[in-house]
Structure formats: structure tokens, C-alpha cells
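All of the numbers you see were taken from the coordinates with simple rules; none came from a lab. No experiment lies behind these values; they were computed from the predicted model shown. Neighbour counts run over all protein chains shown; Cβ positions are idealised from the backbone, glycine included.
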Amino acid sequence: MTNQQSAGARPSWVDDDLFPFESRFVELDGHVVHYVDEGSGPILLMLHGNPTWSFVYRQVIESLRDRFRCIALDYPGFGLSVAAPGYRYLPEEHAAVVVSFLDRLGLSRATLVAH
């Protein structure tokens, strides 16, 4: 991960034709967390599995963003996110990141989409 990427720039290997969404970044507990936020309406929070990233939801986002606010984050160390030193990739750590993420964005209600 380059300094530019951790500052919020997408790396050159991301194909904008396949992943045409604006990349957003937020710092949470020492992590730089990448996410996409597309559309408006009821909130769908998309959580990827291991070892994928928000890219896995690209077609879902394109299909639903005209009716829903589709938010897909990358867990620290996955996709375009950067993990803080010492992150162990445990489910409870992922859950803590999701809670911090929801708090940071001021979201009190969302429907989870996960696999």
C-alpha cells in the first residue's frame, strides 16, 4: 500500500470499468478503511467474506443503487483498506470495525448484506 493510497487515492490496478464507484476512506482506530457509498434510500450495509473485498458486491451495487443507499466497506487489510499494526483479523475485530464505521458515518439503522 502506498502513501498515496492510504491518503485516499485508488491504486492503478483497480479497473475503473469493473469498479466504477467513488472510493472513500475513513480512519478508524488506526486503520484506513475504504468504502463505497452509492445511491439513496434505505441503507444496505454490505460486508464481504474472507478473502474478498467490496469488489465482490459491484454488480449488486449497480443493480440496487437506484432504490437503496448501498454502502460496502473493506475490512482492514482487505481490498483497499489498510490495517493498523497488530490487527489479528479476528471476527470480533471485524465486528468492532463495523460498529466504529457505523458510528463514524452516523448510521443508526441498516440492513446487513453479508456472505
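What is the dipole size for the chain, taken about its Cα centre, with +1 at each Lys and Arg Cβ and -1 at each Asp and Glu Cβ, in debye to the nearest 20? Walk me through the numbers on the way to the answer.
Working: 9 positive and 14 negative charges, 43 e Å.
Dipole size: approximately 200 debye.
Please report the base-10 log of the normalised intensity I(q)/I(0) for the chain, using a Debye sum with one equal scatterer per alpha carbon and no solvent, at each q in 0.11, 0.14, 0.22 (1/Å).
Debye curve over Cα of the chain, log10 I(q)/I(0) at q = 0.11, 0.14, 0.22 Å⁻¹: -0.32, -0.53, -1.36.
Report the gain in length on full extension from VAL26 to LEU112: 0.36 nm times residue separation, minus Cα-Cα distance, nm rounded to one decimal.
29.0 nm
Normalised by the residues of the range 26-114, what does the relative contact order come to in percent, with Cα pairs under 8 Å and at least six apart?
After rounding, I find 38 percent.
Residues of the range 41-68 with amide nitrogen under 16 Å from the 7 Å Cα-to-Cβ point of TRP13?
It comes to 51-56, nothing else.
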